[in-house]
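*Asks:* So that we are looking at the same thing, I have put the structure below in structure tokens.
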Amino acid sequence: MTARRACTAFAAALFLFATNVQALPSIQAPTQQAREKAPEPVTGELVSIDTDSKAVVVRTAENTETKFSFSEDTEIVGAGQGASGLATVSGATVTVTYQIHGTANVATKIEVIKKK
């Protein structure tokens, strides 16, 4: 009787282990997909810039405003002198490439679009 219980316990443990191992890839897959899918860049009018708090607000063609934070690591293209140059082009069209960190939109690149 003891051998039968031992075999049953072993079979149950093996079953639980096998089902957990099969479940792991499905649990990890969405996390990996979420990391690979970066948000689309946002293009719109540069509404405001605050160089002290390092934030910009962009209004899109759909008339929605989105706030982005930036840092010294943010690549700024088309506005001389980096972030201080952005302050001189308020109202210009910009494209912001960003990442989402928690609830914050963190700009990795801000590109001022030259008027044609």
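Read the figures in this text as sums done on the coordinates, not as results from a lab. Everything quoted here is computed from the prediction, not taken from an experiment. All Cβ positions, glycine included, derive from the backbone under ideal geometry; neighbour counts span all protein chains shown.
*Asks:* Long-range amide H contacts for Thr74: which residues qualify at under 5 Å (H placed 1.01 Å from N, peptide plane, sequence gap of 5 or more or a different chain)?
*Replies:* So Thr74 has HN proximity to no qualifying residue.
*Asks:* Let me ask something else about it. Starting from the 7 Å offset along Cα-to-Cβ, what nm value, one decimal, do you get for the label separation of Lys109 and Ser48?
*Replies:* Reported label-point gap for Lys109 and Ser48 is 2.8 nm.
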